[in-house]
Ligand code: SAH
């Protein structure tokens with residue numbers, strides 16, 4: 001069987017394993033049917049190396065090389081739900097493409113997604129994965145995303161999948177009026193997952209829960 005085209009994952013991961021993951025997401029409080037549907041129908045095993053693909057439907061973060069991880073499905077669902085439920089998702093910016101799993105989930109709910117990754121080989125892998133899934137509403141950029149992507153803004157929503165010590169002012173400035181930023185903030189051990197909504201020049205902030213992401217780093221990496 002050609003694994004690249006094996007989107008169903010039959011043989012590697014049973015349908016039952018995938019349904020069990022959906023059950024876990026619901027048990028943990030994910031209620032949006034559109035988010036649950038997209039989580040159910042987006043294969044996660046194609047984002048992983050073959051040696052790890054049998055663990056693709058466990059609700060855990062897993063290594064993707066370059067000291068980075070694919071996000072935990074629950075956290076992807078939570079961040080996606082937070083922005084989908086709170087307003088428009090016409091133009092969405094993602095900082096930290098990684099292997100592209102969160103990108104795939106949000107691209108199926110948003111009109112256009114702009115995603116920035118500082119490690120070039122990861123960005124190239126994400127590009128390939130997302131092409132495999134037939135997603136064409138995504139624009140990629142190899143760069144340090146801590147300053148956002150001003151030329152493509154303003155955005156209805158910004159999802160940051162790596163954690164800075166404090167919220168970069170540039171990201172707040174690239175939100176539309178009513179736009180939302182979902183971002184983990186804090187040190188290496190754990191961070192607050194914050195949902196920040198812009199109302200004119202005011203920013204309303206809520207802490208959703210504690211999470212653990214890799215740090216947001218500065219500069220870009222070629223290899
Ligand atoms: N969104 C991914 C998670 C990737 S882990 C998923 O769905 O699985 C976080 C990613 O953020 C890593 O690939 C890391 O290289 C990237 N990253 C860290 N700092 C960054 C920065 N300043 N700009 C862009 N990407 C960054």
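Taking residue 72 as meeting all but one of (1) surrounded by fewer than 24 Cβ atoms within 10 Å (Cβ to Cβ); (2) touching a strand residue (DSSP E or B) at 6+ places or on another chain (Cβ under 7 Å), write down the number of the exception.
All conditions are met except number (2).
Quick check on region 188-198. Is at least one of its residues at pLDDT 95 or above, within 25 Å of residue 88 (Cα to Cα) and in contact with a helix residue (DSSP H, G or I) (Cβ under 6 Å, 6 or more places away or on another chain)?
Looking through region 188-198, at least one residue is at pLDDT 95 or above, within 25 Å of residue 88 (Cα to Cα) and in contact with a helix residue (DSSP H, G or I) (Cβ under 6 Å, 6 or more places away or on another chain).
Does region 201-223 hold any residues that are more than 18 Å from the chain's Cα centre (by Cα), surrounded by 13 or more Cβ atoms within 10 Å (Cβ to Cβ) and within 12 Å of the ligand (Cβ to nearest atom), and which are they?
220, 221
Mind checking which residues of region 98-114 are within 6 Å of the ligand (Cβ to nearest atom) and either surrounded by fewer than 24 Cβ atoms within 10 Å (Cβ to Cβ) or within 8 Å of the chain's Cα centre (by Cα) (or both)?
Correct list: 101, 102.
Is it true that residue 198 is under 15 Å from the mean Cα position of the chain (by Cα) and either free of Cβ contacts under 8 Å to residues at least 40 places away in the same chain or more than 13 Å from the ligand (Cβ to nearest atom) (or both)?
In short, no.
Has region 150-166 got at least one residue that is over 18 Å from residue 96 (Cβ atoms), at pLDDT below 95, surrounded by fewer than 16 Cβ atoms within 10 Å (Cβ to Cβ) and away from the ligand (no atom under 15 Å from the Cβ)?
Applying the first criterion (over 18 Å from residue 96 (Cβ atoms)) to region 150-166 yields 151, 154, 156.
Subsequent filtering for residues that are at pLDDT below 95 retains none.
The answer is no, given that none of the residues of region 150-166 is over 18 Å from residue 96 (Cβ atoms), at pLDDT below 95, surrounded by fewer than 16 Cβ atoms within 10 Å (Cβ to Cβ) and away from the ligand (no atom under 15 Å from the Cβ).
Condition test on residue 188, is it in a loop (DSSP other than H, G, I, E, B), touching a strand residue (DSSP E or B) at 6+ places or on another chain (Cβ under 7 Å) and surrounded by fewer than 16 Cβ atoms within 10 Å (Cβ to Cβ)?
So residue 188 fits the description; yes.
Residue by residue, here is whether (1) within 12 Å of the ligand (Cβ to nearest atom); (2) surrounded by 20 or more Cβ atoms within 10 Å (Cβ to Cβ); (3) modelled with pLDDT under 95; (4) on the phi > 0 side of the Ramachandran plot holds:
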| position | (1), (2), (3), (4) |
| --- | --- |
| 122 | yes, yes, no, no |
| 125 | yes, yes, no, no |
| 130 | yes, yes, no, no |
| 137 | no, no, no, no |
| 144 | yes, no, no, no |
| 177 | no, no, no, no |
| 181 | no, yes, no, no |
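Might you check whether a residue that is crowded, with 24+ Cβ neighbours inside 10 Å, modelled with pLDDT of 95 or more, more than 13 Å from the ligand (Cβ to nearest atom) and not in a loop (DSSP other than H, G, I, E, B) occurs anywhere in region 81-89?
yes
Just checking, does region 45-66 include any residue being in a helix (DSSP H, G or I), within 15 Å of the ligand (Cβ to nearest atom), in contact with a helix residue (DSSP H, G or I) (Cβ under 6 Å, 6 or more places away or on another chain) and closer than 27 Å to residue 206 by Cβ?
no
The values are calculated or read from the model by the stated rules, or taken from the named source; none is laboratory data. Small disclaimer: the values here were computed from a predicted structure and weren't measured. Cβ atoms come from the backbone with ideal geometry, glycine included; neighbour counts cover every protein chain shown.
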